[in-house]
1. Amide H of V148: which non-local residues (sequence gap of 5 or more, or other chain) have their own amide H closer than 5 Å, using H built in the peptide plane?
2. List, in order, the whole-Hz ³J(HN,Hα) value for each residue of the range 12-17 obtained from phi through the Karplus relation with A = 6.51, B = -1.76, C = 1.60 and θ = phi - 60°; use x for Gly and Pro.
Amino acid sequence: MRLLGSLQERFGFTRSEIIAVLFLTSTFLAGVGIRILRSDPPQEDLPAYSYARADSIFAARSRNPVVAGEQRRQQSRQPVKKVVPGGQKININTAGAEQIMQLPGIGPGLASRILAYRTAHGPFRRVEDLAGVQGIGKKKLERLRPCVVVP
């Protein structure tokens, strides 16, 4: 109790604050003692991770960051070009879903919409009629024009 009184006089702590400080100090010292008693030797058999590959990638990208970013932007703007086998034009009025999906920019969803449009409105009379299909705009129609034939 003398310790509590001297701490209270010297630092101006209340009785509750002194008890809290003593509790935290004793807990800290107990933890240090347990750690010293239980200290395991360091394990040296763990494999070390090599950062060499990640560092080389980072170094290559940071040498010219503007060019690397511009290349990614240009790659994302370029559409995926599909080539019609044999360079033949596809007859849009007789083609099935698989043949239509060989056209540039046409996936399974758009192919099914083309087939649905064809069954609902009859055969296409000219290539421009493809613009009536939802999802085919002016740009896509221009990409399809060299690959499609309407007899």
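Throughout, read-outs are computed from the coordinates displayed, never taken from laboratory work. These numbers were taken from a predicted model, which means no experiment stands behind them.
1. Under 5 Å from the amide H of V148 lie the amide H atoms of I90, each far enough along the sequence or on another chain.
2. x, 6, 7, 4, 5, 5
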